[in-house]
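Only one structure is covered here, and it is reproduced in the block below.
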Amino acid sequence: MRTNNWKHWGPYLSERAWATVREDYSASGDCWSYFSHDQARSRAYRWNEDGLAGICDRNQYLCLGIALWNGNDPILKERLFGLTGPEGNHGEDVKEYYYYLDSTPTHSYLKMLYKYPQAAFPYGQLVEENRSRGYDEGEYELLDTGVFDENRYFDVVVEYAKADENDILARVTVTNRGPEGARFHLLPTLWYRNTWSWGYEKGPLGDVDGQPRLYRQPGPNGTLALKAEHPVLGPYHFWAEDAREVLFTENDTNSALLFGTPNRTPYVKDAFHRFVINGELEATNPEEQGTKAAAHYFDFIPAGGTRVYRWRLSNLAHRQPFGRGFDKAFRQRIAETDEFYEAVQKKGLSRDELLVQRRALAGMLWTKQLYYYDVPQWLRGDPILPAPSWRKNGRNGDWDHLHNFDVISMPDKWEYPWYATWDTGFHCIPLSLVDADYAKRQLTLSTREWYMHPNGALPAYEWHFGDVNPPVHAWAVWRVYKIDARQSGVPDRPFLESLFHKLLLNFTWWVNRKDEDGNNVFQGGFLGLDNISVFDRSAGLPAGGRIDQSDGTAWMGFYCLMMMKIALELGEQDSVYHGISTNFSVYQDMATKFFEHFLRIATAMNEDRGGGASLWDEKDRFYYDLLHMPDGTLIPLKVRSMVGLIPLFAVETLEPRLMSSLPEFNRRTHWFLENRPRLASTISSIDAPGVGQRYLTSLLSRDKLESILRYLLDEEEFLSPYGIRSLSKAHKKHPYHVHIGDRTFEIQYEPAESLSGMYGGNSNWRGPVWFPINFLIIESLQRFHHYYGDSLKVECPTGSGIFMTLDEVAVELSRRLIQLFLRKGTGGRPFNGDARVLQEDPHWRDQILFHEYFHGDNGAGLGASHQTGWTGLVAKLLQQSGGE
């Protein structure tokens, strides 16, 4: 039983709760317009809170964040601003500059930086300029407005250190980077998540008996103090050193302002904006109590000057909250953080590589969020907030078992403040370097009965839980299991075994739902790759056809091999560690079944589908999707894209030790090879031992592997200076066209943002470099090398005359990806593109962002700017690299 919980408090506060699916109670289902950024300061959230540089307890009963004012803005800066999907010319996009600088796995120390302009924040200008731009134009960024010219901004560095698990110290260091002195207001804000406004006696979860309160109490000299009391969380104390005043209000909607209806209380959520900016003294509660409170600091900071502000939140009543122990605790936690990363990070990395890796891991740890979504309750609506009539048969209506209330790794807490299960699998790889326990819990979570659908489907994301993402969960489980075993020295069999059994349900769902003809060719739909196809693969296809997907089928081959690998591991442990006779190991039988399924998928991928049509194109020596028309016509969709590279992933090597220790599996595999030669003829020679007497299972024979690698490593096709492109550059000069009836569909190479609004237009798989797929390519090449060794060398780049082993190719691809973030000598970092300030200014150039994807030619960061989630994989690449 756990007695200490140092993770009780952490950065679990979202960075955007407005304009989310959960907060949408509109009649139209348009969440972007129903709850806007402009309303967020005045309107209470139903499902979860958001804030700037904020933290909260694990249940988000009590939140702590900051609000800022420069004396010029029309509102306080208490949350990050960005464009909605319809406002941005490339979809939703945060328009702020902030950086996660440090964190321990327990969040005993946290550090981040926010850059706050001194001029009025150009809210309207950003909206109007981006709205006026087309898909073929770049995004209009905050730097483009000139608001940071002459360095007229504040660097706001926020640090948290825990003196104990429920004793949180805060220190904010503000530096005026500008040439003149400037006014600065800071409001450290404490508030409760609203559980009382929805018509439930004990809150929506039935766990809060009574309304929490914040109220003023006496404090030591020079210190403003208040007390926080919550029916479940218990009492906490808050102190603000040398604050000017403390303000109180309620975390309740200003209904009079927004809807023209009476307010429940005269003191509402936006009171501090009105008090500080408009001078409305009556906006705050003179009785100094409420459910939202803020200390108020006001300073004039000279040019180049720095001010330090301190406050403390604790479940203990300290007599001297800012005594010597305060700074000592900070020094101790910072030293512990440095010591932790010194132990974690690989020796031999350069200073710049260490910086990039530590920032990537900090971003992974900061990007946690309490995610609360009770679908049955959301479908029904609340007593005070009824659901629209369409909802019962609308979005997520068939996911009425789903109840989420967990701290989850987010892709990006502003642009994607909701989990995506296939993203989570990638997140867990770098997370396992610093917190394998958390990574294992994340992977387990999505298979629990309150997440996984009764039919075995894993939830995709809140926009459409039933959408289909690539089946990477088994791979992530296996990789985290192996990383954890290597780090701890103890394999976690219960974790592996439990997840294996849950994934059997998901595998069965895939087989039954996505293999339309029962011939082992899959029509998966979306599969996470947004606009990679010439058609929208989630929508109805032209003239009623359907697509046999090269990637969908290859993903299932990959899934089969991962499940086989896990079953073999469990079967070997039964034999070696548990004394179970190999003749009675159920896991050998399961491994055999997955092997057979893999053979059938391989046959389906490589055999003629009729009329000379196949997923494998013998003339081009590449895999393509195959369009089935209603009249039986088969049309190969000859787009050279990531779709044709994914068959690389379905590869595993089997150690000779394993084959000898599991004789039943060994016997059955050889029976298939001897008695089902048609099935075996389309894959690698599994019965021919390679390096170390290993055996190879792969969708690709050696000659097909070499053919695909010629495309992969061609700089005029897939190989960019910064990794593998998602679409071949050859389509720049030669766009692909297909004519269906009286319509023509086209796809061309687009190395930057998307040139269409497909899937919201905020991501693009038609040319840019994406980390998750690159990472799987690298791992696949490593596995091929385990079998072929030095006997297989390929030209890299194609046509260069330089030949490399597949392991050397994997190292080269890793190097190119890592180079995205490293400074080039005295120059800049490729991910910063042509932004001169970001590349050259000493206060900007060493701040690292981990974008969603990267320009296919120059490496500029694109999409969500804080998608540390899967781009955080660079931390793992650095860990396994040899350094610069």
Practice problem: Go over the candidates Ala271, Ala294 one by one and state the one that is closer than 27 Å to Thr195 by Cα and in contact (Cβ under 8 Å) with a residue 40 or more places away in the chain. | Solution: Ala294
Exercise. Return the pairs, sorted by first residue and then second, in which the second residue is in a loop (DSSP other than H, G, I, E, B) and β-branched (Val, Ile, Thr), the first residue lies in the stretch 813-830 and is touching a residue at least 40 places away in the same chain (Cβ under 8 Å), the beta carbons are less than 7 Å apart, and the residues are 6+ apart or on different chains.
Key: Phe821/Ile848
Quiz prompt | Residue count for the stretch 298-352, restricted to those that are farther than 29 Å from Cys63 by Cβ and polar (S, T, N, Q) | solution = 2
Quiz item: Under the condition of being among the aromatic types (Phe, Trp, Tyr) and over 30 Å from Asn675 (Cβ atoms), which residue from the stretch 597-642 is surrounded by the most Cβ atoms within 10 Å (Cβ to Cβ)?
Solution: Phe622
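Is it the case, given these coordinates, that Asn455 is in contact (Cβ under 8 Å) with a residue 40 or more places away in the chain, surrounded by fewer than 24 Cβ atoms within 10 Å (Cβ to Cβ), under 19 Å from Pro471 (Cβ atoms) and not assigned by TED's automatic domain parsing to the domain that holds Asn774?
yes
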Practice problem: Sort out which residues of the stretch 174-198 are outside any strand (DSSP E or B) and of a type in the set (Phe, Trp, Tyr), and write them in order of number. | Solution: Trp196, Trp198
Practice problem: Could you check, for the stretch 785-803, whether at least one of its residues is surrounded by fewer than 17 Cβ atoms within 10 Å (Cβ to Cβ), modelled with pLDDT of 95 or more, in contact with a Ser or Thr (Cβ under 6 Å, 6 or more places away or on another chain) and not small (Gly, Ala, Ser)? | Solution: yes
Practice problem: Please find, among Gly381, Gly394, the residue that is at positive phi, surrounded by fewer than 24 Cβ atoms within 10 Å (Cβ to Cβ) and outside the structural domain of Arg193 (by TED's automatic domain parsing). | Solution: Gly381
Practice problem: Just need a number here: residues in the stretch 644-672 that are of a type outside the set (Lys, Arg), surrounded by 16 or more Cβ atoms within 10 Å (Cβ to Cβ) and in a helix (DSSP H, G or I). | Solution: 13
Quiz item: When residues of the stretch 12-40 are filtered for being more than 16 Å from Leu385 (Cα to Cα) and either of a type in the set (Asp, Glu) or surrounded by fewer than 21 Cβ atoms within 10 Å (Cβ to Cβ) (or both), how many remain?
Solution: 8
Quiz item: Given the stretch 777-884, what helices (runs of 4 or more DSSP H) lie entirely inside it while holding 2 or more residues that are of a type in the set (Asp, Glu) and under 24 Å from Ala476 (Cα atoms)?
Solution: 806-818
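Given the structure, is Gly71 of a type in the set (Gly, Ala, Ser), farther than 27 Å from Trp390 by Cα and assigned to a loop (DSSP other than H, G, I, E, B)?
yes
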Practice problem: Test Arg171 against the criterion of being part of a strand (DSSP E or B), at pLDDT 95 or above and more than 29 Å from the chain's Cα centre (by Cα), and give yes or no. | Solution: no
Exercise. Among what's in the stretch 482-503 and is free of Cβ contacts under 8 Å to residues at least 24 places away in the same chain and closer than 14 Å to Lys565 by Cα, pick the residue that is surrounded by the most Cβ atoms within 10 Å (Cβ to Cβ).
Key: Lys482
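Does Thr871 qualify as being at pLDDT 95 or above, under 26 Å from the mean Cα position of the chain (by Cα) and of a type in the set (Ser, Thr, Tyr)?
Here the answer is yes, as Thr871 does meet what is asked.
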Exercise. Answer yes or no: is there a residue in the stretch 43-51 that is part of a loop (DSSP other than H, G, I, E, B) and free of Cβ contacts under 8 Å to residues at least 60 places away in the same chain.
Key: no
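The values are calculated or read from the model by the stated rules, or taken from the named source; none is laboratory data. All figures in this text were calculated on a predicted structure; none of them were measured in a lab. Don't worry about glycine lacking a Cβ; one is built from the backbone with ideal geometry, like all the others, and counts go over all protein chains shown.
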